[in-house]
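What follows is one structure encoded as structure tokens, with my remarks underneath.
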Amino acid sequence: MNHISINEIKEWDRFYRGNFINCLSGFKPVSLIGTINQNAQPNLAIFSNIVHLGADPALIGFINRPLAAGSHSIGNIQAIQQYTINHISSSFIEKAHQTSAKYIAGVNEFDTTGLTAVFKNNFKAPFVAESKVQMALELVEIIPIKDNGTFLVIGALKDVFVDKKNILADGFLDIKKSGSIVSLGLDSYHTCNDGERYEYAKVDVEPTRKT
Ligand SMILES: Cc1cc2nc3c(=O)[nH]c(=O)nc-3n(C[C@H](O)[C@H](O)[C@H](O)COP(=O)(O)O)c2cc1C
């Protein structure tokens, strides 16, 4: 094992350093965030810094880069207060990745990538029809992170669209069955193997596999 100090990391080329640091937090959920602007133009972008913030109330957060690097999704969310999070399957990784390109404001990434926008349940923001796990969120709060100019965008879950056959008897949603992928860094996408589930851990009790 090699020791790498932050002083050494700071000397590295910007892109090399970015790739390295981006991998350190590990495999991440990766989804497409669907928004719409005040002129009814949809926007779609890929995000992987997505985090569960609590189940009751059901809150999901994501980190948005500084505005100079990515401003359309967060701008639309601020304006419309609604957005969707849509899991990515292996069948449309290329199209999903392409949404990270720096399109100018007002360009509809559904059109440029060939993904299908679908509107349902009177929700203003578009869902991705190809996605097998789709969520509708309403903006709760945007917290600026002063140290690096990023933002924590917090949304309240309103609706979920999934195949109920992938919800197990105890509520566990088996997203592997729906084909959801994970990502590493900013350019690597991975499919998942079957997981191992364990009973709730208790002090002084041996971990037990769920059957
Ligand atoms: C795999 C992957 C994951 C990404 N994750 C994030 C993320 O979590 N937060 C973010 O701000 N940008 C992320 N990006 C970059 C955005 O997709 C990119 O900046 C995009 O152009 C933003 O679009 P927008 O301006 O329409 O919001 C990611 C890109 C890739 C390829």
Whole-Hz Karplus couplings 3J(HN,Hα) for segment 85-91, θ = phi - 60° and coefficients 6.51, -1.76, 1.60, Gly and Pro as x, run 10, 10, 4, 10, 10, 4, 5
How long is the gain from Asn122 to Ala40 if the chain were fully straight, where each residue apart is worth 0.36 nm and the alpha carbon distance is subtracted? 28.1 nm
Violations at 27 Å Cα threshold for listed pairs Lys28/Lys210; Lys132/Lys158; Lys124/Lys164; Lys120/Lys164; Lys102/Lys177; Lys10/Lys176 -> Lys102/Lys177; Lys10/Lys176
Counting sequence-distant residues (5 or more places) and residues on other chains, those with an amide H built under 5 Å from that of Gln82 are Leu139
Footprinting proxy, His97, His52, His72: sorted fewest to most Cβ within 10 Å, the residues are His52, His97, His72
Gained length - Asp147 relative to Ile21, 0.36 nm times residue gap less alpha-carbon distance: 43.7 nm
What are the trypsin sites (Lys or Arg not before Pro) within segment 56-152 that DSSP puts in a loop, where the Cβ has at most 10 other Cβ atoms within 10 Å? Lys102, Lys146
Please turn the phi angles of segment 157-170 into ³J(HN,Hα) values with the Karplus equation 6.51 cos²θ - 1.76 cosθ + 1.60 (θ = phi - 60°), one per residue in order, whole Hz, x for glycine and proline. 5, 10, 9, 10, 10, 8, 7, 4, 5, 8, 9, 6, 4, 9
What full-extension length gain, to one decimal in nm, is calculated for Lys202 and Lys177 as 0.36 nm per residue of separation minus the Cα-Cα distance? 6.1 nm
For segment 47-92 and segment 122-196, what is the separation of their Cα centres, given in Å? 9
Rounded to the angstrom and largest first, Cα extents along the principal axes for segment 169-208 equal 42, 25, 14
Suppose only helical runs count, i.e. DSSP H with n ≥ 4. What mean residue ellipticity at 222 nm does that imply for the chain under -39500 (n - 2.57) per run, divided by all residues and rounded to the nearest 500 deg cm²/dmol? -4500 deg cm²/dmol
Cβ density ranking, 10 Å radius, fewest first, applied to Ile80, Ile181, Ile6 yields Ile6, Ile80, Ile181
Using θ = phi - 60° and Karplus 6.51 cos²θ - 1.76 cosθ + 1.60, couplings along segment 60-77 (whole Hz; Gly, Pro as x): 10, x, 9, 9, 9, 4, x, 4, 4, 9, x, 10, 6, 4, 5, x, 5, 5
Starting from the Cα gyration tensor of segment 6-190, take the square roots of the eigenvalues, sort them a ≥ b ≥ c, and report rounded, prolate or oblate (rounded when a/c is under 1.5, otherwise prolate if a/b is larger than b/c, else oblate). rounded
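Listing Thr112, Thr211, Thr150 from the residue with the fewest other Cβ atoms within 10 Å to the one with the most, what is the order?
The most exposed by this proxy come first: Thr211, Thr112, Thr150.
Each reported figure results from applying straightforward, stated rules to the coordinates on display, with no laboratory input. Just so you know, these numbers come straight off a predicted model, no measurement behind them. In this analysis, Cβ positions are derived from the backbone assuming ideal geometry, glycine residues included, and neighbour counts consider all displayed protein chains.
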